[in-house]
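These notes are about the structure you will find just below.
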Amino acid sequence: MEKTLTNQTLLITGGTSRLGQAFVTRALNHGARVFFTYHQASSQAEVLMQAGAEGFLLDLADPRAIDEFVKVIKSKTEKLDALIHNAAAVRDHTLLNMTEEEWDYVMSVNLKAPYYLTKKLLSFFLKKTKPGELASGKKIFMITSRVALMGGFGISNYAASKAGLIALTKSLAQELGSRKVLVNAVNPGFMKSRMTELLPEEVIEANRMASPLEQFSDPNEVADFLVYLCSDRMSQVTGQVFHFESRKIS
Ligand SMILES: NC(=O)c1ccc[n+]([C@@H]2O[C@H](COP(=O)([O-])OP(=O)(O)OC[C@H]3O[C@@H](n4cnc5c(N)ncnc54)[C@H](OP(=O)(O)O)[C@@H]3O)[C@@H](O)[C@H]2O)c1
């Protein structure tokens with residue numbers, strides 16, 4: 001197998017998610033050095049660390065914990081080629097029943113943390129390789145969702161946070177373009193994962209049937225696509241949202 005991420009150093013949040021595990025495993029196989037964060041799934045994190053990834057316990061709802069994490073990362077590496085904001089939290093309720101804490105928690109993990117972590121790690125992305133020459137090939141990815149564009153019943157906090165990520169993607173693509181940093185978003189489509197397994201069976205089935213292919217999205221295929229996006233083969237695309245959805249999104 002051709003290794004497309006040799007010499008790359010990557011950081012993905014939520015490495016213990018269904019998509020995160022698939023990506024971390026593939027990125028390691030492609031020769032990358034992989035940092036990942038996790039929150040509660042220490043046994044899944046252990047498996048990834050045994051495979052060679054470097055995992056860090058981090059509550060993304062806590063900016064002070066992010067500060068400490070950034071210090072540790074900066075002590076471990078002098079470069080970061082790609083940052084993937086993948087961790088996400090849900091606190092589903094209709095607005096009538098949604099508490100302010102539920103709104104704030106989802107926004108802090110899903111939207112504020114990507115802003116805050118990106119800002120704290122920006123020096124990696126704007127670093128000069130040699131006098132007068134700016135680093136290129138640096139990439140930032142946001143994992144978004146179809147509900148960012150479609151909304152969803154009982155998930156206004158999650159949908160708003162994912163819509164915010166698209167706006168953040170497009171804004172940062174403009175701000176960082178002259179520094180040769182690429183910023184893109186990926187909507188992985190409806191995957192079976194911890195996030196979705198608690199949904200009623202009829203909702204899960206409705207999501208499957210909403211796809212013209214009548215199938216769930218495969219996290220392994222999404223992870224393969226992310227590996228491609230991280231590789232040197234993708235060097236000119238920025239400010240885009242890639243959808244693993246075949247249904248109409250508007
Ligand atoms: N599943 C879908 O159908 C679907 C559809 C569209 C978009 N997405 C997006 O795709 C990405 C991956 O989804 P998934 O379904 O694979 O996720 P998942 O399996 O439900 O895992 C969620 C991840 O977020 C982490 N996390 C949650 N709260 C956190 C906190 N406070 N601090 C730090 N990390 C925290 C979890 O860490 P621990 O496991 O260690 O606790 C876990 O790694 C997410 O961005 C999600 O929004 C998913």
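Values quoted throughout were computed directly from the atomic coordinates according to the rules given, and no laboratory measurement underlies them. Worth saying up front: this structure is predicted, and the values here are computed from it rather than measured.
Return the Rg/Rh ratio of region 39-87 with Cα-based radii and a Kirkwood Rh. List each step's numbers first, then the result.
Values: Rg = 11.6 Å, Rh = 12.1 Å.
My calculation puts Rg/Rh at 0.96.
In whole Hz, what ³J(HN,Hα) sequence does region 107-115 give by Karplus (6.51, -1.76, 1.60; θ = phi - 60°), x for Gly and Pro?
5, 6, 6, 8, 10, 5, 4, x, 4
With just the Cα atoms of region 1-53, tell me how far they stretch along each of the three principal axes, in Å, largest first.
Computed over the Cα atoms, the extents are 33, 17, 16 Å.
Output the 0 to 90 degree angle, nearest 10, between the alpha-carbon long axis of helix 201-210 and the longest principal axis computed from the alpha carbons of the chain.
70
Which length gain, in nm to one decimal place, applies between Q50 and K79 when the Cα-Cα distance is subtracted from 0.36 nm times their residue separation? Write out the running numbers ahead of the final one.
Working: separation 29, 0.36 × 29 = 10.44 nm, distance 2.28 nm.
Length difference between fully extended and current span is 8.2 nm.
Before anything else, pin down the relative contact order of region 9-243: Cα pairs under 8 Å, at least 6 apart, normalised by residue count, whole percent.
Working: 395 pairs, mean separation 47.0, N = 235.
Reported as a whole number, the value is 20 percent.
Which far-off residues, 5 or more places away or on another chain, put their amide H under 5 Å from the one on V241, with H placed in the peptide plane?
Correct list: A185.
Provide the per-residue ³J(HN,Hα) series for region 140-149, in order, calculated from phi with Karplus coefficients 6.51, -1.76, 1.60 and θ = phi - 60°, each as a whole number of Hz, with x at glycine and proline positions.
10, 10, 10, 8, 10, 8, 4, 5, 4, 9
Quick one: what are the phi-derived ³J(HN,Hα) couplings along region 39-45, Karplus 6.51/-1.76/1.60 with θ = phi - 60°, whole Hz, x for glycine and proline?
Once θ is set to phi - 60°, the couplings for region 39-45 become 10, 10, 8, 5, 6, 5, 5 Hz.
Using only the alpha-carbon atoms, how far is helix 18-29 inclined from the longest principal axis of the chain? Give it as 0 to 90 degrees, nearest 10.
Relative to the chain, helix 18-29 is tipped by roughly 30 degrees.
Name the most mobile residue of A89, A206, A27, meaning the one with the largest mean-square fluctuation, in a Gaussian network model of the chain with Cα contacts below 10 Å.
A206
Report, in deg cm²/dmol and to the nearest 500, the calculated mean residue ellipticity at 222 nm for the chain, where each DSSP H run with n ≥ 4 adds -39500 (n - 2.57) and the sum is divided by the residue count. Present the calculation step by step, with values, prior to reporting the outcome.
Working: 10 runs with 107 residues, N = 250.
Result for the chain, helices only: -13000 deg cm²/dmol.
In Å, what Rg and Dmax follow from the Cα atoms of region 87-197?
When restricted to the Cα atoms of region 87-197, Rg and Dmax are 16.2, 57 Å.
Report, to one decimal in Å, the Kirkwood hydrodynamic radius for the chain based on all distinct Cα pairs.
Numbers: mean 1/r = 0.0542 Å⁻¹.
For the chain, the Kirkwood estimate is 18.5 Å.
In percent, how large is the relative contact order of region 102-216, given Cα pairs closer than 8 Å and 6 or more residues apart? Write out the running numbers ahead of the final one.
Details: 126 pairs, mean separation 29.9, N = 115.
Result for region 102-216 is 26 percent.
I want the antiparallel fraction of DSSP beta bridges within region 9-243, as a percent rounded to 5. Please report the intermediate quantities before stating the final value.
Details: 2 of 26 bridges.
Roughly 10 percent of the beta bridges in region 9-243 run antiparallel, per DSSP.
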